1. Hey, can you list the DSSP H helices of the chain whose Cα span along the axis is 24 Å or longer and whose average Kyte-Doolittle score is at least 0.0?
2. Based on the Cβ-Cβ distance from ARG186 to TRP39, what FRET efficiency comes out when R0 is 51 Å, to the nearest 0.05?
3. Roughly speaking, to the nearest percent, how much of the chain's 1.4 Å accessible area is carbon and sulfur?
4. At each listed q (0.08, 0.09 Å⁻¹), what is the log10 of I(q)/I(0) that the Debye formula gives for the chain modelled as equal alpha-carbon point scatterers?
5. What's the extension gain from ARG51 to SER23 if we count 0.36 nm per residue and subtract their Cα-Cα distance?
6. For ASP255, ASP53, ASP185, what's the largest-to-smallest order of accessible area, 1.4 Å probe?
7. Return the single residue from GLY32, GLY160, GLY68 with maximal mean-square fluctuation; model: Gaussian network over the chain, springs between Cα atoms under 10 Å.
8. With an 8 Å cut-off on Cα pairs and a minimum separation of 6 or more residues, tell me the relative contact order of the range 1-84 in percent.
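The values are calculated or read from the model by the stated rules, or taken from the named source; none is laboratory data. It should be emphasised that the depicted structure is a prediction, and the values quoted were computed from it without experimental measurement. In this analysis, Cβ positions are derived from the backbone assuming ideal geometry, glycine residues included, and neighbour counts consider all displayed protein chains. Calculation scope for accessible area: heavy atoms of the full protein, side chains included, ligands and nucleic acids excluded. Shrake-Rupley method; radii C 1.70, N 1.55, O 1.52, S 1.80 Å.
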Amino acid sequence: MAKRELPARLLELLGKDREHYHSGEELSAQLGVTRTAVWKAMGRLREQGYRIDSVTRRGYRLAGLPDGLTAELLAQYLPAGRGKTVFCYGELDSTNIRCQQMALEGAATGTVVVADRQTRGSGRLGRSFASPGGCGVYLSYLLRPECPPDALSLLTSYAGLAVCEVLEQYGLSPRIKWPNDIIIDRRKVCGILTKLTGDAESGTINGAVIGIGINVTQQRQDFPEELRDKAISLREAGAEVPRAALAAAVIDRLDECFLRQQLLSRPAAPVIEQLTRRSCTVGSRVEVITPTGQYEAKAVGIAPDAGLIVQLPDGTRRTVSSGEVSVRGLLGYT
Ligand code: BTN
């Protein structure tokens, strides 16, 4: 076994049973190396921030994980075997770009790209998405085959619900600002950007990349000045969440929607109801900004395709789609 593989294998063994102590003898026999090699590998894991308790005559126990976003850490939180299709990077231009490249190279549905930091994180409408290292989760999830272009807004909505459900498990009460922002205390904690992949020449679409960025441990001064009134992190909202645990929970929830329940091929009615319940846009006065002009309206509901139903001052209603327009809340960031 290569020297650098030993800490990962050791971690796998300790992680399988974190309740009990594992003797040095048992570990060295299972790994086929000397006890000294086990001891050295243990030291390397501790250097990386893993907390490993050691008790004389009982052995070693994995007591705590560092807050990183490595493949080894994610594997500790994901169901066994799932980690194989999750690719972790320290730095990328954008996980969406990398994931789109992987799609073109033939990557399968459920492939995930995670980065600790992005240098060109992108958001909707050509905006950038601030993605500093060590404090957020930036991930892209690939879905294929055949995704009809009109599924785009539903995909984003499913992903938004998935993120909300995960955050609710941590005791938070997130809301969805239509179409793709997750809000806590009227500030944005997460943005979602879905991109279709395919062959531009033939116009065939063969997949979709759902990109999710979550602010996790930033404090006020860590956000760029222009975002300080608009952004919030989970830490500021009162939740201390290891980033790998959060990423794994989101990936697992997306797997549940798209792989296990195959939600895209089912009627969307219950999803629309959940989206409406969590929406902070429905019920608000909004400004609808189209390429040709803008108008004021009241957001009154979410349509079956996840578009926003708005009512104009003369009482007529229309559905606007996320690709076409931008919606700005007239009363604060809703
Ligand atoms: C938005 O707020 O308009 C959407 C932001 C989406 C950001 C995520 S971070 C992971 C993925 N990679 C990107 O470059 N963008 C998305």
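1. Those that pass (Cα extent of 24 Å or more, hydropathy at least 0.0) are 152-169.
2. Taking R0 as 51 Å, the efficiency between ARG186 and TRP39 is 0.50.
3. Working: 7940 of 16250 Å².
Carbon and sulfur atoms account for 49 percent of the accessible area of the chain.
4. Treating every Cα as an identical point scatterer, log10 I(q)/I(0) equals -0.43, -0.53.
5. 8.4 nm
6. Working: ASP255 5, ASP53 50, ASP185 115 Å².
Result of the area sort, largest leading: ASP185, ASP53, ASP255.
7. Looking only at GLY32, GLY160, GLY68, the largest GNM fluctuation is found for GLY32.
8. Reported as a whole number, the value is 29 percent.
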